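This report refers to the structure that appears directly beneath it.
Here, each number is a calculation from the coordinates, and none is a lab measurement. Keep in mind the model is a prediction, meaning the values are calculated, not measured. Cβ sites come from the backbone with ideal geometry, for glycine too, and all protein chains shown count toward neighbours.
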Amino acid sequence: MSAHENEEKMILDVKDLHASVEGSPILNGMNLSLKPGEVHAIMGPNGSGKSTFANVLAGREDYTVEKGSVRYRDLDLLDLDPEERACEGIFLAFQYPVSIPGISNAYFLRSALNAVRRYKEEPEVDAVDFLQLVRSKMELVGMDEKLLQRSVNDGFSGGEKKRNEILQMAVLDPKLAILDETDSGLDIDALRIVAEGVNALRGGDRSFIVVTHYQRLLDYIVPDHVHVLSEGQIVRSGDKTLAHELEREGYSWLESGHAAEKSQEAS
Amino acid sequence: MSTGTVDHWNPNLEEQCSGLHAACESLEARRKHGLNQFLEAGFPGRKDEEWRYTPLRSVAEGEYSSKLSVEGQLPGDDELATSSDIRLVLINGRFREDLSDLTALPDTVKVVGLSRSLETSADSVVTDLNRWIPLVDHPFQNIGDALLEDGLVITAEGNVDARIHIVHGQDGSESAGSSHVSGLIRLSGGAQLEVLEEFRSRGKSLANIRWGMEIGSGCEFRRQRIVRPGCDVLYHGTRVELGEKAVFRDLIAGSGARLVRNEIHAILAGPGGHVDLLGGYVSNGDEIVDHHTTIEHAVADCTSREIYRGVLGGDSRGAFTGMIHVHQDAQRTDAEQSNDAILLSRSAEMNTRPRLEIYADDVKCTHGATVGELDDDSIFYLRSRGVSLEEARRMLVRAFTAEVFEELENEALKEQFIEQLQEAMPTAVDLRQ
Ligand SMILES: Nc1ncnc2c1ncn2[C@@H]1O[C@H](COP(=O)(O)OP(=O)(O)OP(=O)(O)O)[C@@H](O)[C@H]1O
Ligand SMILES: [Mg+2]
C-alpha cells in the first residue's frame, strides 16, 4: 500500500531501461525515479549515455528501446510521440541545439507555444500577447531581444544557444525539464544568469534532471539527488556532496568498480 | 521529327492560323513563319537536350491543339493580397477589358490589349514584337507566332512607380485546349513597375505565354509570378533586355501544376544592370517543374543572382538549366547561381545543369547545387517543442524557401506564397505509402 502511494507521487519512473542505437546497446538498465519538485543531477564520464537517456525521454526515434518502462505522471511515456511528450510537459534542453536558418526564433517559439496550447485546448496567443510574454522571459535569462528576429540558433554563439534553450523552457512552462549540459559553453556570468533562470522556474511541482560535468552548476542549482551514470547504468547515487566528491576524485574509481562487476558477471 | 505526335496539331494549327484576321503583311509573315517552323519541326522529343527533362509527349498528343473557348470563366476566387489596384484579366488567352480594372492607371503607364493595338497600329506593334520577341525556333514560340492574336502591350515612361496585377485564367472545363498570349512590357525614363502575374486554371489546358521586355536605363521592373494549384500545362517564356543601371527582379512560386516550363532569357546590355531570378516550388505526384534560364552579361559591370529552391515529393521531377554567358567585354561581371532541392521520396528527382560560358577574364561567377532531404535533427528539435510532425515539415519548407521570398515587400502576399507551398507538402501519411 505504501509502496503504491509512493509510485503515485512519482513524476517520472524509469525501470530497467535498455536502449540501443543501430544495434549497439547504450543504456543497459537505467533506473530512476523523480518526485514532483525534485532536482536530480546526472553526472558521468563522456560517452556513458547521459544524452542518450535524455533523448530517449524526449522521444528521439534514432534510439531503440529494447526493454524496460518509463512512466511519466500517469502516462506510458514510451507510447507517446515526441510532440505529445512535449505537450504533456517534458522539455529537453539540448546539449547541441540545431540551427534552423530561415525560421525566426520568434516564429518558432510562437508555433511551439501555440502547439502546446492547442493540445491543452487553451486559446492560442496572438502576436502581441506573445511578444509580451517572451520579453519577460528574455529578461529572466538575460537574452538580447535582437535574437528573437534572428533565425533559430543560426550563427548564435555557444552561450546564446544555451540561453535560447532556457528561454524556450521558460516560455513552454514544462513539468519535467531535462537540461543536457546547459552549463557547457557558458561563461561564469552567463552560468549564474542561466542558473538563476532555472531557479526562478523551480518550486511547485516542476522537476528537473540536470546533466552536467561540473559541480559548479550544482552550486547554483542545488540538486536533491546526484547520480553517476556509467556504461548506460546508474552506478552510484547520493546527495549533493557526491558532486563534490566527483569533482575531487574524478571517475577513476569506476574503472576498478566496473572491472570488478564484470569479473563477477563472468564467474 | 516527332512523327505521329503532330497529327492533331498540324491540321488544327493550319486551320486556326488561316482563320485569323490579317491586319498587316508583317503580322501575316510572322504567323506564317511560326506555322511553317512548327509544321516542319513539331514538338521536340526526349533526345533534344533543351527538352530532355520536359517530356512533351502528352502535349503533343493533341488534346490541347484546339483553342480554348472564348466563353471561359475565370477559375478560382481566393484573391491574392496584392497591393495593386490595377487589375488586368485574361481568360483563355484573351484580354478581357470588361473584367479588368484600369481606373487607377497613372497617365504615364499605358495598357492596351494586343488584339486592339493590332487593329489600330498593326505595323508598329509587329515591329516591336519582332524587336523584343525575335523569332526563334522553339515549339511554343512557333505556335505562339502561328496563332498570334491577343495579349498585352504595357508601357511605362518617366517618373512612375506603379503596380499591376495580371490574372491569367485558363478554363478548360468544357473541353481541353490551349491559349496563346504575347505580351510586351517597356519601361523608359527611369520608370518603376511591379507586376504580379497569377496563373489560375481549371480542367485540361495549355497556357502558352511569352513576354518581350525592355527595361530602359535606370528603370526597375519587379515581377512576381504565382502558379496556383490546379494548373495543367504552363509554358512561360520571358525575354528581357536591360539598359544601363536597369534592374529586373523576378520571382516565381508555385505548386500543384502538372507541367511548368519557365524560360527566361535576360540580356544585360548596359553597364550597371542587375538581374535577380528567384524561384520556389513544391511538387508532387508526377508533376514537372522546369526552370530554364539564360543570363547574358553582354557588357561590363553587371550583376546577376539566381536562386531556385524546390521541394519534390512523389514521382515528381524538377529541372534547372542555368546558362550564364559572359561576353568578352563583360569585365567585372558578378554572377551567382544556386539551385537547391529537397527530395521527399525516393522516386522524386532533380536535374541541375549549370552552364557557364565565360569569355571575359575579370569575372566572379559562382554556382552551387544541392540535393538533400528534410533534416531529421531539425524535425526532432521542432517536435520536442510540441510542434507536430506535419507542422514541423511545413516549417522546414518555409525555412528552405525563406531566402527566395525574403525580399518580397508585401508581407501579406509573401505569407500567401509561402502558405501555398506549405499546403502543397504531402502529408506524412502520403509519404509512408
Ligand atoms: N546516433 C548515434 N549513433 C551512434 N552512436 C551513438 C549515437 N548516439 C550516441 N551514440 C554513442 O552512444 C554512447 C553514449 O553517447 P551519449 O551521447 O549518450 O554520451 P554522454 O554521456 O552524453 O557523453 P558526453 O558527456 O560526451 O556528452 C557514445 O559512445 C556514443 O558514441
Ligand atoms: Mg552528452
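Amide H to amide H distances under 5 Å link B:PHE95 with B:GLY151, where only residues 5 or more positions off or on other chains count and H is placed in the peptide plane.
For the stretch B:129-195 and the stretch B:356-433, what is the separation of their Cα centres, given in Å? Rounded to whole Å, the Cα centres lie 30 Å apart.
Relative to the longest principal axis of the Cα atoms of chain A, the long axis of helix A:158-172 makes an angle of roughly 80 degrees. From the square roots a ≥ b ≥ c of the eigenvalues of the alpha-carbon gyration tensor of the stretch B:121-211, which class results: rounded (a/c under 1.5), prolate (a/b over b/c), or oblate? Taking the square roots of the gyration eigenvalues as a ≥ b ≥ c, the stretch B:121-211 is oblate.
Helical content alone sets the calculated 222 nm signal of chain B at -7000 deg cm²/dmol, taking -39,500 (n - 2.57) per DSSP H segment of four or more residues and averaging over every residue.
A helix-only calculation puts chain A at -12500 deg cm²/dmol for mean residue ellipticity at 222 nm, using -39500 (n - 2.57) for each DSSP H run of at least four residues, averaged over all residues.
Which of rounded, prolate or oblate describes the stretch A:181-226 when judged by the alpha-carbon gyration tensor and an a/c cut-off of 1.5? Cα axes put the stretch A:181-226 in the oblate bin. Indicate the gyration tensor shape class of the stretch A:62-188 (rounded, prolate or oblate), computed on the Cα atoms with a ≥ b ≥ c the square roots of the eigenvalues: a/c under 1.5 is rounded; otherwise a/b larger than b/c is prolate and the rest oblate. Note, shape of the stretch A:62-188 comes out oblate. When all alpha carbon pairs of the stretch B:210-300 are counted in 5 Å bins from zero, the resulting P(r) reads 4, 13, 26, 21, 14, 11, 7, 4, 1 %.
Restricting the calculation to Cα atoms, every distinct pair contributes to the Kirkwood radius of the protein assembly as shown, found to be 28.9 Å.
Counting Cβ atoms of other protein chains within 10 Å of each Cβ in B:388-397 and taking the mean gives 3.
Grouping the Cα pair distances of the stretch B:242-282 into 10 Å bins from zero gives a pair-distance distribution of 26, 42, 22, 10 percent in increasing distance order. Gyration tensor over the Cα atoms of the stretch B:351-433: the corresponding equivalent ellipsoid has semi-axes (square roots of 5 times the eigenvalues, largest first) of 32, 18, 13 Å. Over the stretch B:211-259, with a single point scatterer placed on each C-alpha, what log10 of the ratio I(q)/I(0) does the Debye formula yield at q = 0.17, 0.23, 0.26 1/Å? Evaluating at q = 0.17, 0.23, 0.26 Å⁻¹ gives log10 I(q)/I(0) of -0.59, -0.82, -0.93. Over the stretch B:6-96, the ratio between the Cα radius of gyration and 2.2 N^0.38 Å evaluates to 1.41. This ranking places A:VAL235, B:VAL59 by how few other beta-carbon atoms lie within 10 Å of each, fewest first, which gives A:VAL235, B:VAL59.
Legend: ranking of residues B:CYS302, B:CYS231, B:CYS24, B:CYS365 from fewest to most surrounding C-beta atoms inside 10 Å; resulting order B:CYS24, B:CYS365, B:CYS231, B:CYS302. Note on A:SER237 and A:ASN199: their simple-model spin labels are 2.6 nm apart, each label 7 Å out from Cα toward Cβ. Sorted fewest first by neighbouring Cβ atoms within 10 angstrom, B:CYS219, A:CYS87 come out as A:CYS87, B:CYS219. Convex hull volume of the C-alpha atoms in chain B, normalised per residue: 144 Å³.
Where does the charge balance sit around B:PRO75 when Lys and Arg score +1, Asp and Glu -1, over other residues with C-beta under 14 Å from its C-beta?
Once positives and negatives cancel, what remains is -3.
If you wrap the tightest convex hull around every Cα atom of the stretch B:237-355 and split its volume per residue, you get 70 Å³. Rg/Rh for chain A (Cα atoms only, Rh after Kirkwood) is 0.97.
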